[in-house]
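Presented below is the structure to which this report refers.
The values are calculated or read from the model by the stated rules, or taken from the named source; none is laboratory data. Treat the numbers as computed from the prediction; the structure is a model and nothing was measured. Glycine gets a Cβ as well: all are built from the backbone with ideal geometry, and neighbour counts include every protein chain shown.
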Amino acid sequence: MKLDINCDMGEGFGRYRLREDVGILKWVTSANIACGFHAGDPHVICGLVEAALQQNVNVGAHPGYPDIQGFGRRSMNLSPKDVYELVLYQVAALNGITKALGGKLHHVKLHGALYNEAAERPELAEAVVQAVSDIDEELIIYALSGSALVHVCLEHGLRVAEEVFADRAYLPNGRLAPRDLEGSVLISKDEQLEQTRQLVLEQRVRTVDGGHIELVADTLCVHMDSPDIVPFLMELHRWAAQNAVLLEPFCGD
């Protein structure tokens with residue numbers, strides 16, 4: 001069994017940093033790097049791309065809504081054309097930077113409200129897929145497992161990694177529980193490991209109402225602002241070795 005571990009990174013700007021990114025790279029196989037709209041700046045982006053390439057971690061673009069104040073977590077009610085253009089702009093920037101620094105962009109993962117809305121609204125998913133494919137049809141899209149974006153990717157022949165979360169609670173419809181809902185973010189390392197075990201070994205997860213739903217788990221997202229993220233990742237590596245789970249980048253072949 002194989003599993004990719006991805007992490008949203010580079011989500012600071014100027015002198016402001018959420019957390020030191022580079023130390024986390026040794027524990028993940030894919031890095032989703034903020035493109036400057038919800039977070040990130042040229043200095044942060046270039047430094048993290050260089051570090052990821054040096055450690056053989058796949059580089060991905062992490063585009064979001066142009067909403068620094070809300071950290072990209074607020075809906076902006078944009079049209080599909082607007083979404084196409086903002087995704088095109090951000091992915092093209094990361095693609096160019098990664099190429100200039102001697103690497104190749106591997107994937108695209110949306111951020112925040114854009115991620116959630118493209119998971120539910122086929123017209124936005126179509127805009128995202130069109131923007132990504134117009135840049136490079138070989139790029140992989142990381143999308144919420146079982147979502148509209150997964151289906152649109154498959155319809156257009158793009159490779160897609162179905163993503164699950166170690167630290168987020170699930171609704172019965174397979175969507176992530178809203179962050180303002182109590183218990184939506186799993187804080188305990190034990191809770192996160194148990195959810196990971198269910199998702200990876202059983203391909204299902206317990207929902208907020210106590211039921212279970214089935215999900216495909218190609219890539220597991222961890223958040224660098226989670227408490228004790230490095231100890232969790234260390235334990236995750238030990239767990240994977242004990243359960244014959246091979247941690248490696250997603251290729252979709």
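Observations
- Selected residue [of a type outside the set (K, R) and closer than 17 Å to L144 by Cβ] from V205, V230: V205
- Residue check for Q90: farther than 24 Å from T196 by Cα and buried (at least 24 other Cβ atoms within 10 Å of the Cβ): yes
- Scanning the stretch 93-111 for residues that are closer than 14 Å to A61 by Cβ and not hydrophobic (A, V, I, L, M, F, W, C) yields N95, G96, T98, K99, G103, K104, H106, H107, K109, H111.
- Hits in the stretch 153-186 (condition: charged (D, E, K, R) and more than 17 Å from the chain's Cα centre (by Cα)): E155, D180, E182
- Against the numbered list (1) in contact (Cβ under 8 Å) with a residue 40 or more places away in the chain; (2) assigned to a helix (DSSP H, G or I); (3) more than 30 Å from L236 (Cα to Cα), G102 comes up short only at (2).
- Checked across the stretch 65-75, the condition of being at pLDDT 95 or above and either under 20 Å from F250 (Cα atoms) or touching a Gly at 6+ places or on another chain (Cβ under 6 Å) (or both) holds for at least one residue.
- Residue match in the stretch 121-134 (condition: in a strand (DSSP E or B) and in contact (Cβ under 8 Å) with a residue 24 or more places away in the chain): no
- Residues (within 23 Å of D225 (Cβ to Cβ) and crowded, with 21+ Cβ neighbours inside 10 Å) located in the stretch 148-168: A161, E163, V164, F165, A166, D167
- Top-ranked residue in the stretch 120-147 [being more than 20 Å from F250 (Cα to Cα) and either of a type in the set (G, A, S) or modelled with pLDDT under 95 (or both); ranked as surrounded by the fewest Cβ atoms within 10 Å (Cβ to Cβ)]: A131
- Annotation note: of F250, F232, the sole residue that is of a type in the set (F, W, Y) and part of a loop (DSSP other than H, G, I, E, B) is F250.
- Condition broken by Y84, with the remaining ones in (1) of a type outside the set (A, V, I, L, M); (2) more than 19 Å from S147 (Cβ to Cβ); (3) part of a helix (DSSP H, G or I); (4) touching a residue at least 24 places away in the same chain (Cβ under 8 Å) satisfied: (2)
- Number of positions in the stretch 65-97 that are among the acidic types (D, E) and over 22 Å from A31 (Cβ atoms): 2
- Qualifying residue in the stretch 91-104 (condition: under 29 Å from G23 (Cβ atoms) and under 16 Å from the mean Cα position of the chain (by Cα)): yes
- Put simply, of S75, S145 the only residue that is in contact with a Leu (Cβ under 7 Å, 6 or more places away or on another chain) and either of a type in the set (S, T, N, Q) or within 19 Å of C35 (Cβ to Cβ) (or both) is S145.
- Here E126, E85, E138, E117 are screened, and the one residue that is within 15 Å of the chain's Cα centre (by Cα) and among the charged types (D, E, K, R) is E117.
- Residue within the stretch 199-209 that is among the charged types (D, E, K, R) and within 19 Å of D8 (Cα to Cα) present: no
- Verdict on L158 being over 16 Å from C7 (Cβ atoms) and without any contact (Cβ under 8 Å) to a residue 60 or more places away in the chain: yes
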